[in-house]
1. In nm, to one decimal, how far is the His67 label point from the Leu101 one, both placed 7 Å along Cα→Cβ?
2. Using all alpha carbons of region 120-186, what is the percent of pairwise distances in each 5 Å bin, ordered from the shortest bin to the longest?
3. How would you order 41-51, 100-110, 70-80 from highest to lowest mean count of nearby Cβ atoms within 10 Å?
4. So what are the ³J(HN,Hα) numbers for region 70-84, from phi and the Karplus equation (6.51, -1.76, 1.60; θ = phi - 60°), rounded to whole Hz, Gly and Pro as x?
5. Treat each spin label as a single point 7 Å out from the Cα along the C-beta direction, and report the Glu228 to Glu84 distance in nm.
6. Just the number, please: carbon plus sulfur as a percent of the accessible area of region 81-230, 1.4 Å probe, no ligands or DNA/RNA counted.
7. Please list, in order along region 110-121, the HN-Hα scalar couplings obtained from phi with the Karplus expression 6.51 cos²θ - 1.76 cosθ + 1.60 (θ = phi - 60°), rounded to whole Hz, x for Gly and Pro.
8. Counting only Cα atoms, I'd like the Rg/Rh figure for region 156-217, Kirkwood definition for Rh.
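The values are calculated or read from the model by the stated rules, or taken from the named source; none is laboratory data. Just so it is clear, the model here is predicted, and its values are computed rather than measured. Here the Cβ positions follow ideal geometry from the backbone for every residue, glycine too, while neighbour counts run over all protein chains shown. Surface accessibility is based on the protein's heavy atoms, side chains included, excluding ligands, DNA and RNA. Shrake-Rupley method; radii C 1.70, N 1.55, O 1.52, S 1.80 Å.
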Amino acid sequence: SITCMSSIVNMLCRVGQIRRCAASLSQTLNQVAASRQKHTLPDLTYDYGALEPHINAEIMQLHHSKHHATYVNNLNVTEEKYQEALAKGDVTTQVALQPALKFNGGGHINHTIFWTNLSPNGGGEPQGELMEAIKRDFGSFQKMKEKMSAATVAVQGSGWGWLGYEKESGRLRIAACANQDPLQGSTGLIPLLGIDVWEHAYYLQYKNVRPDYVKAIWNVISWENVSERLQTAKK
């Protein structure tokens with residue numbers, strides 16, 4: 001009958017619309033995946049030679065344009081592979097990729113913080129709320145500096161020394177992380193100040209004398225940046 005034919009035509013139209021919708025959605029999802037923001041190497045706000053004599057230009061150039069750039073590139077490649085494994089429901093590959101995500105992702109996170117923690121106008125002592133928190137939690141600025149320096153120098157092999165904020169207690173804490181393990185992902189502490197003690201961060205200038213490098217870096221710490229990070233962490 002005409003009514004029956006009309007129903008079939010309507011149904012076919014709806015099926016066609018659903019297919020077009022699905023095709024359009026699939027295309028959109030593919031475009032989103034393709035345009036996924038890739039991680040990029042952040043620019044420094046100062047020249048490579050600006051932290052001399054405490055950290056020389058050659059170290060800064062290699063550290064930023066080579067080492068950090070490698071973490072960024074490898075992170076992008078790993079994330080792409082991870083997205084493919086997710087799309088396929090390939091859990092084995094997802095698990096296999098996690099160490100590379102942690103290493104390169106941590107390297108990118110840590111260095112992005114590190115560059116802003118440093119400044120040619122750094123050094124001296126912090127002011128205001130940050131200084132009060134340091135005095136409350138460590139007794140004095142000098143004691144905090146000594147404790148953080150000792151923990152940083154004592155890192156076995158490669159790693160980082162950190163001053164972090166513990167959200168639950170509202171206290172400042174010192175911690176050390178191995179390799180490129182990110183502070184927050186590893187300990188739950190929000191990173192305020194990091195000191196990189198991978199050999200590429202100091203060896204060209206300080207050779208194997210890590211304590212000298214750690215002592216020198218306090219001259220270029222941007223307490224303004226650390227204070228801003230504390231304010232953000234408390235929100």
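1. It is 2.6 nm.
2. So the P(r) values, bin by bin, are 3, 16, 23, 23, 19, 13, 2, 0.
3. Highest mean packing first, the order is 100-110, 70-80, 41-51.
4. Per residue, the Karplus-derived 3J(HN,Hα) values read 5, 4, 4, 4, 5, 5, 4, 5, 5, 5, 4, 4, 5, 4, 4 Hz.
5. 3.9 nm
6. Heavy-atom surface of region 81-230 belonging to carbon and sulfur, 1.4 Å probe: 51 percent.
7. 4, 6, 4, 6, 3, 4, 7, 6, 9, 7, x, 9
8. My calculation of the ratio gives 1.03.
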